Amino acid sequence: MGTRNAGKGFHFSFVRSPGKCLAPVWLMALLFSVATTQAQNAREIVRKAEDNARGKTSIATMVITTVRPKWTRSMEIRAWMKGTDYALLLVNAPAKDKGVAFLKRKKEVWNWLPSLERTIKLPPSMMSQSWMGTDFTNDDLVKESSVVDDYEHSLLGTEKQDDSLCYKIQMIPKPEAAVVWGKIILWITQQTSLQLRAEFYDETGDLINVMVGSQVKKIGGRLLPTRLEMTPADKKGHQTVIEYKNLEFDKPIADSFFTTENMTKIK
Amino acid sequence: MLVRLSYRRILLLLLAVVPLCRIVAQSDSVSHWALGGYVKNLQNWAFADQPNTLINGGFFHNRLILKWTPGSEWTLDLEVRNRLFYGEWVRYQPGWAEALDADGGLADLSFVPVRRPALIGSVVSDRLWAQWQHGRWSIRAGRQRINWAVALTWNPNDWFNAWNFLDFDYEERPGADALRVQYQMGGFSALDVAVSPAQTFKKWIGAARLSGNFRQYDWQVQAGMYRNKAVAGLGWAGNLGNAGFKGEVSVFQPLDKAEGNMSLSATTSVDITFGSWFVNGGLLVNTLGSGGDIDILALNRSSLAPDNLMPGKLSFLAGGSHAFTPLFNTSLTAVYSPNGHLVIVLPSTAYSVAENWDIDLTGQLFWLKNEQGVLKNALNWVFLRTRWSF
């Protein structure tokens, strides 16, 4: 499950924008010089974890809880995803938002409001806004960057995380990649290829978010962490928690499933 | 001759249809009922300078949404709007109960069980439809919302069920008694054909819409008949740089020359987000609007016609909203019609008190040019609304 949080598509990816872009130029030179076997191994570890967490398609039911010092709000979502291009999200709870849906197709996002039977196309500038009041932005939903292809990987060593021995891998975005982070550090279990921890840094090297995966269980026929907690480093009492209730992998979903017409009919 | 359906007839029809659907549904394992809705209280105050008045009132508003999915292909939807109006504003609007009782649709689904000088109880069903969907086809019959709108404030393409943007409490917006057939043509293209019959043929609405997506622009072209007028329309929703760019244009040609000339209803708008600020601006051209003085009461209608969405010929809109926290949102919108110098200012603030509890405070302030040509405050409304959703 872990790598689902590290940067692809609709994955509530925790790759939240710190509002800045592009790695410094000096990194480019550094990155091109690091093409070792070790890097290829690190890349394969990330790829394996990613494939495990993502599948070709997935259908998930999850509860997202936004925690603030003075309040919490929860919502239940059903999400259909196919690769990095297609996703459809349906809100099951709270009652007020039941039936609200979001469709992502490549770089476009639409919002369906069932009460007034209305589809609204979201403009690009709205992508940086909070998604339904959570810590996620609309941008997190449409991001097409890949943890495998858009970063240079290097193995920093091994470390224990939650009693499991993990590879500690550093990921630096490729200069041309549309990634807002300066650096991401991942902890992936050696035995089971699960991402249990991720740290997101901005390009000045400051820690922005920490993501921790826990409650590893068999779900959708795969072993995955079913609880993800994302904690901003500088906001006390803030947290977003995702709990997976149900997950199915690799069930065939036609591309025509991801249309604005179908968004209005999904149950 | 079309038979106008009454509540009793509808009930009898439902009693007949439900067991039939049960039989149909037996072969399918997916069958469920869903009940939802809300209870709201809206307290309002209307005040004006001249004459110096303050009128208060309010209403309790319950919406029940009952959906039944007897199988993967069938959906039945019944939604009922129950409102209990009270206070001075009821007393000062004689004939209101009768107006609420008059259902504009083919079926009479309005019922006013309480009629007192300062208390009116209204029950109306604005959704009652059955849908069958199979593969690329979808057919829906009954009172439904046919929303062909793509723009944010005014919708000249919303031919079947136009809506007054000042009627902010009517979140669901009206429905139309209609038959609609949709066919998904593949990709993002779809063809919609809908017909909404009426008591007299001159009031029928029937139209087709072809919609698609080209280079990240949603587009639609429409053509049909709108109440004895031939009508053609075009709509789009796309981007200009980082901003959203949306618009709708409809041209109406009366078939009967005595009913006037060709008219145009067109709108376009741009919306953009900066951080947690959302800003939008737009305009509406309505050739049927008044070029001179504006009748402010025309704005009070609960529903409008798509070829006459604002009383003036030209209306500009500018607005912004800001989310202080995910739970606390404020907005301010201003509308200006140069003809008659109408200014409407709409401030609003909303707070989510708890998981299913919301509270909001909304204002509607109107200024009009007086006989001396000076802009004067004409009327103000303040609404305090609490809502519990279930």
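No lab work stands behind these numbers, since they all come straight from the coordinates. Just so it is clear, the model here is predicted, and its values are computed rather than measured. Note: ideal-geometry Cβ built from the backbone for every residue, glycine included; neighbour counts use all protein chains shown.
Assorted remarks:
- Here is how the number arises for chain B: DSSP H runs of 4 or more residues each give -39500 (n - 2.57), the sum is divided by the residue count, and the result at 222 nm is -2000 deg cm²/dmol.
- Ordering A:Ser146, B:Phe60, B:Asn44 by Cα displacement along the dipole of the protein assembly as shown toward the positive end leaves B:Phe60 in first place; charges were set at the Cβ atoms of Lys, Arg (+1) and Asp, Glu (-1).
- For peptide A:107-118, the mean count of partner chain Cβ atoms within 10 Å of a residue's Cβ comes to 5.
- Neighbouring partner chain Cβ atoms per residue of A:254-265, average, 10 Å criterion: 4
- Region B:175-244: trypsin sites (Lys or Arg not before Pro) in DSSP coil with no more than 11 other Cβ atoms inside 10 Å: B:Arg215
- Packing rank of A:215-227, A:111-123, where each peptide gets the mean count of other beta carbons within 10 Å, highest leading: A:111-123, A:215-227
- Mean separation of Cα contacts under 8 Å (6+ apart) over length of region A:73-232, as relative contact order %: 10 percent
- Cα shape, region B:148-390, gyration tensor, a/c 1.5 rule: oblate
- Averaging Cα coordinates gives a centre for region B:281-345 and one for region B:36-79; these two points are 22 Å apart.
- Partner chain coverage, peptide B:203-216 - average Cβ within 10 angstrom: 1
- Restraint check, B:Lys257/B:Lys369; B:Lys67/B:Lys202; A:Lys236/A:Lys267; A:Lys104/A:Lys235; A:Lys106/B:Lys67; A:Lys56/A:Lys174, Cα-Cα greater than 28 Å: B:Lys257/B:Lys369; B:Lys67/B:Lys202; A:Lys236/A:Lys267; A:Lys104/A:Lys235; A:Lys106/B:Lys67
- Summary of packing: across the peptides A:83-89, A:194-200, the per-residue average of other C-beta atoms within 10 Å ranks them, highest first, as A:194-200, A:83-89.
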